[in-house]
């Protein structure tokens, strides 16, 4: 578990490189916002969270299966993460931010990644840029 990183993960890097190549500019892990979003696009008033399926308990995803050993510990830890995510997303939305969550499994394979990233640009662009 000590080898698991919280920043600069492969899914984050894939998304960042794609967005930069499409002309989007963003801030990384900005502490000023609830939940310290992975990416903040101030021009579009949009924040993006790139969640690992295990750590944020992606429903109906095989990667979110809890370990059998020390099950009580893991269940509490993951449920606390989910509750914190929900609270941070609600707070951001109440402040007028467009919140986008990308799951690790959505961008793991190249084919899925291309489709998801195309949808991501549509989700960002549907919000008119701030003047």
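Values quoted throughout were computed directly from the atomic coordinates according to the rules given, and no laboratory measurement underlies them. The model shown is predicted, which means the values in this text are computed figures rather than measured ones. FYI the Cβ positions are ideal-geometry reconstructions off the backbone, even for glycines, and counts take in every protein chain you see.
Summary table
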| quantity | calculated |
| --- | --- |
| The chain - share of DSSP beta bridges that are antiparallel (%, nearest 5) | 45 |
| Relative pair counts by distance (%), Cα atoms of region 81-124, 5 Å bins | 5, 20, 21, 18, 18, 14, 3 |
| C-alpha long axis of helix 110-125 to longest principal axis of the chain, angle in ° | 50 |
| Gain upon complete extension [residue 115, residue 21; 0.36 nm per residue less C-alpha separation] | 32.3 nm |
| Rounded tilt (10° steps) of 71-94 against the dominant C-alpha axis of the chain | 20 |
| Globularity index of the chain, i.e. its alpha-carbon radius of gyration over 2.2 N^0.38 Å | 1.09 |
| For the chain, built as a Gaussian network whose Cα springs stay under 10 Å, the top-fluctuating residue of 97, 74, 55 | 74 |
| Calculated on alpha-carbon atoms, Rg and Dmax of region 22-67 in Å | 13.6, 41 |
| Approximate spin-label separation residue 78-residue 91, in nm, with each point projected 7 Å along Cα-to-Cβ | 2.5 |
| Helix-only mean residue ellipticity at 222 nm for the chain, each DSSP H run of n ≥ 4 adding -39500 (n - 2.57), per residue, nearest 500 | -13500 deg cm²/dmol |
